[in-house]
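For reference, the structure discussed in these notes is given below.
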């Protein structure tokens, strides 16, 4: 069974060698395995809701859902729309154990975050990855959100805590469920092992993809009730509404 990545070995060696682009097989002009042309053509998320990052026709707007019921998290920082080839890259990292792809995506997300920090986005006190259900952890052998968090922590010099939030209830997979079903599915699914760890702190939740935002909202409400000052969400990709 594969195990959670905890060290600085092959993933890092591969990324520091002369690279061939993962998308077009051409030699890259950088130490990362993606060429500038392919990077520029990734589905970068531009106009979005100011709260949940839902893709919108223009910037500076709040989506209807967030207007009706504001989520507990403050802001979502996400570079891409969940579209080709990002969807395929995330799937290979998440379900096929392609850790170098995850490391590449983490590096690009770190660049986005550092740019936002330079523009005035407040740096969090701690990053907390969304915990994986025990059964899925046994099946998969690693938590992709925790791996992203540790890579981001190393790249951005931010603290990571993957012990404070626990998934205490096994729930069916969220894929294929609508927003209401996802919320019901997550009821009492999470708990804090030590609420003092989040009191008066700015927390950043780390996940791979934000779909309806139900998981992030559930966790943010849990931490806000425990005394967290602010909860933001950092993730790789954001899905549009199903009809879009």
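Rule-based calculations on the coordinates, nothing more; no lab input. Here the structure is a predicted model, which is why all the values come from computation and not from measurement. Please note: Cβ atoms are built from the backbone with ideal geometry, for glycine as well, and neighbour counts cover all protein chains shown.
In which sequence would 224, 128 go, from the one with the fewest C-beta neighbours within 10 Å to the one with the most?
If I rank by nearby Cβ atoms, fewest first, I get 224, 128.
A Förster distance of 25 Å, applied to the separation of the beta-carbon atoms of residue 188 and residue 96, puts the FRET efficiency at 0.20.
If you take the beta carbon distance between residue 123 and residue 199 as r and set R0 to 25 Å, what does 1/(1 + (r/R0)^6) give as a FRET efficiency, to the nearest 0.05? Working from the Cβ atoms, E equals 0.85. Taking a ≥ b ≥ c as the square roots of the eigenvalues of the alpha carbon gyration tensor, the stretch 61-174 is rounded, as a/c is under 1.5.
When DSSP beta bridges are restricted to pairs lying wholly in the stretch 44-238, around 20% turn out antiparallel.
Projecting label points 7 angstrom from Cα along Cα→Cβ for residue 84 and residue 67 puts them 3.4 nm apart. Residues within the reach of a label modelled at residue 136 (point 7 angstrom out along Cα to beta-carbon, backbone nitrogen below 19 Å), restricted to the stretch 45-89, are 82-83, 87-89.
In what sequence, highest mean first, do 103-115, 202-214, 32-44 appear when ranked by Cβ atoms within 10 angstrom?
The packing order, highest mean first, is 202-214, 103-115, 32-44.
For the stretch 44-238, a/c is less than 1.5, where a ≥ b ≥ c are the root eigenvalues of the C-alpha gyration tensor. That puts it in the rounded class.
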